[in-house]
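The values are calculated or read from the model by the stated rules, or taken from the named source; none is laboratory data. Worth saying up front: this structure is predicted, and the values here are computed from it rather than measured. Here the Cβ positions follow ideal geometry from the backbone for every residue, glycine too, while neighbour counts run over all protein chains shown.
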Amino acid sequence: MRRRLEQFMQGRYGADEFSRFIMTVTLVLLVLNMITRLPLLYLVALILLVYCYFRMFSRNISKRSSENSAYLQKTEKIRRSFAKMKRRIVQSKEYHIYKCPSCGQKIRVPRGKGKICITCPKCRKEFEKRS
């Protein structure tokens, strides 16, 4: 069965970031349709689902790839801000981030070291904080 699926998908585009986004929007619309019972939401979700499967089974790989590239370019700032926020949350478990009182430079200091003297790498001002 797996071999048959692999043979069927050979030469076809498959799933990408844009397809995953369309599937997520479709799922959200279907859940909203279950809550509100609006037939328009169901129709839009059905159209998006058909378009998503059309993209995944398409043999025009260059066109689908250019659509995905355009989607990634348009959402780059949003994805970058979410990645930055995620990185900041992960780092907050191990580090404190302080601002230099003189120049405002952000300085990352490891947690659990007690009261330490911090030297700003930008202006060389020294200040004391608890880590």
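Residues checked against (1) at pLDDT 95 or above; (2) farther than 30 Å from Lys125 by Cβ:
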| residue | (1), (2) |
| --- | --- |
| Thr24 | yes, yes |
| Arg37 | no, yes |
| Leu72 | yes, yes |
| Glu94 | no, no |
| Lys106 | no, no |
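Here is a check on your reading of the model: is Leu49 among the hydrophobic types (A, V, I, L, M, F, W, C), assigned to a helix (DSSP H, G or I) and over 22 Å from Thr75 (Cα atoms)?
Numbers: among the hydrophobic types (A, V, I, L, M, F, W, C): yes; assigned to a helix (DSSP H, G or I): yes; over 22 Å from Thr75 (Cα atoms): no.
Here the answer is no, as Leu49 does not meet what is asked.
Looking only at the range 65-97, count how many residues are more than 14 Å from the chain's Cα centre (by Cα), surrounded by 11 or more Cβ atoms within 10 Å (Cβ to Cβ) and among the aliphatic types (A, V, I, L, M).
Matching residues across the range 65-97 total 2.
Which pairs turn up if I take residues in the range 1-25 that are surrounded by 13 or more Cβ atoms within 10 Å (Cβ to Cβ) and look for partners that are among the hydroxyl-bearing types (Ser, Thr, Tyr) with beta carbon separation below 6 Å, at least 6 apart in sequence or on another chain?
Taking only residues 6 or more apart or on different chains, the pairs are Tyr13/Ser58; Phe18/Tyr71.
When both residues are 6+ apart or on different chains and their Cβ atoms are under 8 Å apart, which pairs have a first residue that lies in the range 81-99 and is more than 18 Å from Ile116 (Cβ to Cβ), and a second that is in a loop (DSSP other than H, G, I, E, B)?
Lys93/Arg111
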